[in-house]
Amino acid sequence: MRGEGGEELTAADFEGYYHGGPPRLELHKAGELYAVVRLALLPVFNGVRPLLICPRCGARRGVIVLHSSGIGCRGRECLNLTWRSTRQTSQERRQLRREYLEELLLDDGGDPRRPHRMRVKVYEALVDELFELEAWG
Ligand SMILES: [Zn+2]
């Protein structure tokens with residue numbers, strides 16, 4: 001558990017779901033179906049990168065958060081989660097960098113897109129950096 005509460009879901013939780021059948025994970029709460037999280041496979045130069053589709057806003061994210069206020073991602077348009085003050089300095093720096101990269105690399109729907117004139121290698125490196133920041137939570 002990192003950041004402001006909530007359990008986190010990443011593509012690693014989909015192990016075994018990649019092949020055969022639709023890549024989706026059903027989450028239950030008190031015996032009831034609570035949410036369905038789908039997996040998107042983003043083609044990158046060395047294969048595919050699994051991303052989770054946020055069930056709340058539809059953005060593709062590295063991390064989905066199961067939070068007391070609901071399920072979603074940390075995006076400003078979504079759960080808009082902030083950070084615990086104890087780890088604020090480095091986390092804030094990471095979050096600012098992440099917001100910058102999200103703005104640069106993701107379109108309005110949260111889908112990755114290479115900015116006009118950005119070289120492919122630069123783009124791939126920045127996408128990798130963004131995913132690593134997202135994995136940090
Ligand atoms: Zn979201």
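Just so it is clear, none of the values below were taken in a lab; they were calculated from the coordinates. This structure is a prediction, so every number in the text was calculated from the model and none was measured. All Cβ positions, even for glycine, are placed from backbone atoms using ideal geometry, and neighbour counts span all protein chains on display.
Subtracting the Cα-Cα distance from 0.36 nm times the residue separation, let me have the gained length for K121 to R24 in nm, one decimal. Can you show the working numbers first?
Details: separation 97, 0.36 × 97 = 34.92 nm, distance 3.06 nm.
That works out to 31.9 nm of additional length.
When the label point is put 7 Å from the Cα of R113 along its Cα-to-beta-carbon vector, which residues of the stretch 39-62 have a backbone N closer than 15 Å? What the label zone holds, given the 15 Å backbone N cut-off, is 59-60. Placing +1 on the Cβ of every Lys and Arg and -1 on the Cβ of every Asp and Glu, with no other charges, gives the stretch 7-136 a dipole of roughly 320 debye about its Cα centre.
Select from C57, L96, P112 the residue farthest towards the positive end of the dipole of the stretch 7-136; place +1 on Cβ of Lys and Arg, -1 on Cβ of Asp and Glu, and compute about the Cα centre. Farthest along the dipole direction, towards plus: L96.
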